[in-house]
Amino acid sequence: VGSTKGLQAILRATYPEKEILLCNDDYAQYLEFLGPEDGIIPDEKFADALGIAVDTGTIDRLSSKKFEMCKETKIDHHIDNNPYGDISWVEDFRSAACEMIVHFYDTFRDELVMTKDAAFYLYTGMVTDSGRFKYDGVSGDTLRLAGILLDQGINTEWLFANLYLDEFDQLKF
């Protein structure tokens, strides 16, 4: 969720004249605090559109099959056993797809716009996908890229308060 909402926020800020929609049919309930997505998108919006699948290793795991109606691009950090998409950008040494998107932003920071919301979404994705920065794949580069997001002034206290709400209920149980 963080990678899709973060990429969408960067693209909307960079290209305000473009219509950039987010289609995800299996939204993670514990991330509802990140806000809604764009809802049901009519089929005609997909024809001749660029579809970007983020953080999904195989095409059968996509939440919407409408992706196949687009010109397809894949951005992922999982091992690429079943390649798909017209363009496939996979870096399986990264801890999160969000890390890849922040690296992309950092590489093209003179051309792209990072908003505080985009930074918040991407940082949330980096935190959750990396197990709070403790899983294999976390590197100094991961933390330097997270620092770019923190420099945007995101509210990490509010983020962690929301992430640990469900875990507290489980702890009580």
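The values are calculated or read from the model by the stated rules, or taken from the named source; none is laboratory data. Only a predicted model underlies this, so the values are computations on that prediction, with no experimental measurement involved. Counting neighbours? That spans all protein chains shown, and the Cβs are built from the backbone with ideal geometry, glycine included. What goes into the accessible areas is simple: the full protein's heavy atoms, side chains included, and nothing from ligands, DNA or RNA. Shrake-Rupley method; radii C 1.70, N 1.55, O 1.52, S 1.80 Å.
Among the residues of the range 133-151, write down those that are at pLDDT below 90 and out of contact with any Asp or Glu (no Cβ under 9 Å at 6 or more places or on another chain). Asp136, the sole residue that qualifies. Leu62 satisfies every condition listed in (1) modelled with pLDDT of 80 or more; (2) surrounded by 15 or more Cβ atoms within 10 Å (Cβ to Cβ) except (1).
When we screen Thr142, Thr128, Thr124 for residues that are β-branched (Val, Ile, Thr), assigned to a helix (DSSP H, G or I), farther than 19 Å from Ile20 by Cα and without any contact (Cβ under 8 Å) to a residue 60 or more places away in the chain, the only hit is Thr142.
Yes/no per residue for (1) at pLDDT 80 or above; (2) on the phi < 0 side of the Ramachandran plot:
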site: Gly85; (1), (2): no, no
site: Phe104; (1), (2): yes, yes
site: Gly131; (1), (2): yes, no
site: Gly153; (1), (2): yes, no
site: Ala161; (1), (2): yes, yes
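Criterion applied to Lys134, Lys116 was being touching a Gly at 6+ places or on another chain (Cβ under 7 Å) and surrounded by fewer than 20 Cβ atoms within 10 Å (Cβ to Cβ), and the one residue passing it is Lys116.
Residue by residue, here is whether (1) under 23 Å from Thr124 (Cα atoms); (2) open to solvent by 20 Å² or more (accessible area, probe 1.4 Å) holds:
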position: Gly2; (1), (2): yes, no
position: Lys5; (1), (2): yes, no
position: Lys18; (1), (2): no, yes
position: Leu22; (1), (2): yes, no
position: Ile41; (1), (2): no, no
